[in-house]
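**Student:** Dropping a structure here in structure tokens format, bear with me for questions.
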Amino acid sequence: MDYAKFAIIFWIVATIIIAIAGKKSFLKIFGLPQNKFLKIDWRAYLFCAMILGAAISIGITSLIKSFS
């Protein structure tokens with residue numbers, strides 16, 4: 001099994017899920033209006049989602065790798 005491809009695919013999937021699920025809470029935490037979303041806000045939001053997705057991906061990939 002190629003763990004690098006698995007980690008990259010899982011990272012993309014986890015980032016998308018986190019980005020969709022966490023939009024309202026992100027806006028509420030940083031006090032941003034829900035109808036007006038600036039370009040810099042999107043960049044910060046997607047960067048945070050990518051970091052969380054990468055951390056989850058690394059953890060699950062190492063767990064699967066240790067089992068096999």
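The values are calculated or read from the model by the stated rules, or taken from the named source; none is laboratory data. Note that the coordinates shown come from a computational prediction; the quantities given were computed from them, not determined experimentally. Just so you know, the surface numbers come from the protein's heavy atoms only, side chains and all, with ligands and any DNA or RNA stripped out. Shrake-Rupley method; radii C 1.70, N 1.55, O 1.52, S 1.80 Å.
**Student:** Counting only protein heavy atoms, what percent of the accessible surface of the chain is carbon or sulfur at a 1.4 Å probe?
**Tutor:** Values: 3910 of 5210 Å².
Solvent-exposed carbon and sulfur of the chain make up 75 percent of the total.
**Student:** Let me know the number of lysine pairs in the chain closer than 27 Å at the Cα, not counting same-chain pairs under 8 apart.
**Tutor:** Working: K5/K65; K23/K36; K23/K39; K24/K36; K24/K39; K28/K36; K28/K39.
Close lysine pairs under the 27 Å cut-off: 7.
**Student:** Taking only Cα atoms, what is the 0 to 90° angle, nearest 10, from helix 3-21's long axis to the longest principal axis of the chain?
**Tutor:** 30
**Student:** Output the 0 to 90 degree angle, nearest 10, between the alpha-carbon long axis of helix 39-67 and the longest principal axis computed from the alpha carbons of the chain.
**Tutor:** 20
**Student:** Probe of 1.4 angstrom, ligands and nucleic acids ignored: what's the accessible area per residue over the chain, in square angstrom? It would help to have the intermediate numbers written out before the result.
**Tutor:** Values: 5210 Å² over 68 residues.
Per residue, the chain has an accessible area of 77 Å².
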